[in-house]
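Report on one structure; see the data block that follows.
Read-outs throughout are calculated quantities, based only on the coordinates presented, and are distinct from any laboratory measurement. Everything quoted here is computed from the prediction, not taken from an experiment. Cβ coordinates were reconstructed from backbone atoms using ideal geometry, including for glycine residues, and neighbour counts include every protein chain displayed.
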Amino acid sequence: MMQKTRNHSFSKKFIFSIQFSISILILVGGFSIETKAQDEFSYLKSFPEYQKLSTLSNSEFDETNKPDGKLFDVFRTKPGAAFFGSLVLPGFSQAVNEKWIRSAVYLIAEAGVIVAHQLYLNEGRNGEKAYRNFIDQNWSVQKYAEYVVDYNNRYNPDYQDNPLTINDLANTNTSITTGSFGFGRSDWGKIDIAKLRALESETKYQKNAWGAGATSFSHPLPNYGSQQYYELVAKYFQFGPGWGDFNTSIETITWTLQDMSGQFQDASDKSTSFNNSLRTASRLTSLIILNHVISAFDGYFTVKLKNFELSQNQQIKMVTGFSFGIPF
């Protein structure tokens with residue numbers, strides 16, 4: 001047992017002595033490195049090149065890295081120029097600095113998004129044109145006015161004893177024959193729009209009783225050809241009776257989509273379709289701008305990093321002959 005204890009104690013001491021020796025070697029080696037480095041650095045100071053480098057200010061050092069006058073050199077050496085170069089044309093400064101993959105990514109993204117934007121924009125504009133033509137060919141202000149008159153005569157107590165006629169809404173010196181409506185602009189010369197709007201303000205969404213709690217028509221008819229006109233006649237149910245295929249003989253109307261005609265629903269679908277295309281084109285415009293901005297910052301930091309690496313390399317080249325060693 002005593003022999004085992006001694007052997008164990010010897011092993012611990014032997015290991016400790018080895019660790020201590022290694023520590024001493026590291027300390028001595030580190031001191032030798034520092035001493036040798038100081039000696040070599042002091043020797044290096046005697047070189048004119050080092051003295052020139054140590055006296056350079058930042059502005060003077062930048063002068064050593066200025067463009068040599070070659071085409072595009074300013075985009076290789078000036079981060080600000082690289083920023084604006086890629087801001088105008090994504091991937092430009094990356095290509096000038098030979099970052100070919102990144103340049104290709106920005107340029108391909110730019111081309112792809114521009115093509116997609118133009119396709120959606122054209123689709124939206126063509127869809128809007130077709131939508132407006134559809135309204136001009138199928139919605140009648142006279143038919144709408146006739147229904148508003150009949151609706152008030154049926155439900156509005158103010159007119160049940162003294163019913164209106166369509167000619168009460170006619171322009172001066174104009175006589176309107178019921179049911180002889182046309183579409184688009186042709187009817188707008190017959191109807192006094194101010195009188196129609198006044199009647200609209202009295203009209204309520206009420207099918208059986210003209211109660212105090214009934215909701216009035218929400219929108220007066222906009223002027224023909226206005227953006228609001230083309231939007232509202234296929235959006236709000238109150239304008240549903242103006243469509244050519246609306247069944248005006250319906251006694252009871254609930255003012256829901258089920259009461260609307262096929263043309264109203266077709267126009268609503270067309271509106272949704274072209275508006276979706278225009279919204280997509282707008283989002284793609286934002287992506288184009290984002291691609292420009294990201295490319296600009298990438299170009300800026302590309303040149304900034306390159307200049308930093310060049311400055312470090314120049315300093316290293318000036319400090320020639322420097323080496324570390326551990327003398328044993």
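Of the cross-linked pairs LYS129/LYS204; LYS195/LYS235; LYS129/LYS195, which ones have a Cα-Cα span greater than 28 Å in the structure shown?
Details: LYS129/LYS204 33 Å; LYS195/LYS235 23 Å; LYS129/LYS195 30 Å.
Exceeds cut-off: LYS129/LYS204; LYS129/LYS195.
Provide the per-residue ³J(HN,Hα) series for segment 168-182, in order, calculated from phi with Karplus coefficients 6.51, -1.76, 1.60 and θ = phi - 60°, each as a whole number of Hz, with x at glycine and proline positions.
Per-residue couplings from phi come out as 5, 9, 7, 5, 4, 6, 10, 10, 10, 8, 4, x, 9, 8, x Hz.
Modelling each spin label as a point 7 Å along the Cα-to-Cβ direction, I'd like the ASP161/LEU310 distance in nm, to one decimal.
Placing both labels 7 Å beyond Cα along the Cβ direction yields 9.7 nm.
Can you give the net charge of the other residues whose Cβ lies under 14 Å from the Cβ of SER218, counting K and R as +1 and D and E as -1? List each step's numbers first, then the result.
Numbers: positive: ARG197, LYS204, LYS235; negative: GLU200, GLU202, GLU231.
Around SER218, the surrounding residues sum to 0.
For TYR224 and THR177, FRET efficiency with R0 = 30 Å and r from the beta-carbon atoms, rounded to 0.05? Each step should come with its number before you reach the end.
Values: r = 21 Å, r/R0 = 0.69.
Given R0 = 30 Å and the Cβ-Cβ separation, E is 0.90.
Which value in nm describes the separation of the simple spin-label points at TRP188 and ARG283, placed 7 Å from the Cα toward the beta carbon?
3.4
What is the order of ARG102, ARG279, fewest Cβ neighbours within 10 Å to most? If you can, show how the numbers build up before the last one.
On the way: ARG102 19, ARG279 12.
Fewest-to-most Cβ neighbours within 10 Å comes out as ARG279, ARG102.
Taking R0 as 51 Å, what FRET efficiency do you get between GLU202 and PHE84 from their Cβ-Cβ distance, rounded to the nearest 0.05? Walk me through the numbers on the way to the answer.
Values: r = 62 Å, r/R0 = 1.22.
Computed FRET efficiency for GLU202 and PHE84: 0.25.
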